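Down below is the structure, laid out as structure tokens.
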Amino acid sequence: MAAIVWLVAGLLLAAAEMLTGDLTLLMLGVAALGTAGVGAVADTGLVADAVVFAVLALVLLLGVRPVLRRRFGTPPPIPTNVDALPGKQALVLESVAAHSGLVKIGGEEWTARPFDSTVEYPKGTTVYVMKIDGATAVVWKEP
């Protein structure tokens, strides 16, 4: 009977984790499920169940939770500066050819060269930044 109580408690704690996202209730829920398993197999008493739960909870909270928070808790990095430019539109200010060119990207002027060195983009053309190579924007007409 005690194993069923631990099982229900474990499921409720794991379900409640969806409301918090802190991984604390999930670790306690897993500890309760582990205690239910040990209690069902070994037919232990209340004191032994409490000890098993405490040990499992400590191991999960102090050992597993920090690892999971480091792995899944950090938001993905947002590209900034030069890393944010690929994919942006640019306006050709001076004809862009294999060895010369000037484009305007988000209010800043950049030297540019075409992605395909055989192509030339005339002044006024809208192009897309494919990558940044040093201080030169590599551009292409199609996104």
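The values are calculated or read from the model by the stated rules, or taken from the named source; none is laboratory data. Bear in mind the structure is a predicted one, so any value in this text is a computation, not a measurement. Here the Cβ positions follow ideal geometry from the backbone for every residue, glycine too, while neighbour counts run over all protein chains shown.
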Fill in the blank from the handout: Just one listed residue, out of E120, E108, is of a type outside the set (V, I, T), more than 21 Å from A16 (Cβ to Cβ) and surrounded by 12 or more Cβ atoms within 10 Å (Cβ to Cβ), and it is E120
Practice task
Would you please list the contacts, defined by Cβ atoms under 7 Å and residues six or more apart or on different chains, that run from a residue in segment 112-140 that is more than 11 Å from V92 (Cβ to Cβ) to a residue that is hydrophobic (A, V, I, L, M, F, W, C) and exposed (fewer than 15 other Cβ atoms within 10 Å of the Cβ)?
Solution key: R113/A98; S117/A98; I132/V82
Exercise for the section: Select from segment 73-97 the residues that are modelled with pLDDT under 90 and either surrounded by 12 or more Cβ atoms within 10 Å (Cβ to Cβ) or basic (K, R) (or both) and list them in ascending order. Expected result: G73, V82, A84
Exercise for the section: Determine, yes or no, whether L56 is farther than 30 Å from E142 by Cβ, exposed (fewer than 12 other Cβ atoms within 10 Å of the Cβ), at pLDDT 95 or above and not polar (S, T, N, Q). Expected result: no
Completion exercise
R70 vs (1) surrounded by 12 or more Cβ atoms within 10 Å (Cβ to Cβ); (2) closer than 30 Å to T24 by Cβ; (3) of a type outside the set (G, A, S); (4) at pLDDT below 95: all pass except (1)
Problem - Residue check, T20 of a type in the set (S, T, Y) and exposed (fewer than 13 other Cβ atoms within 10 Å of the Cβ) - result: yes
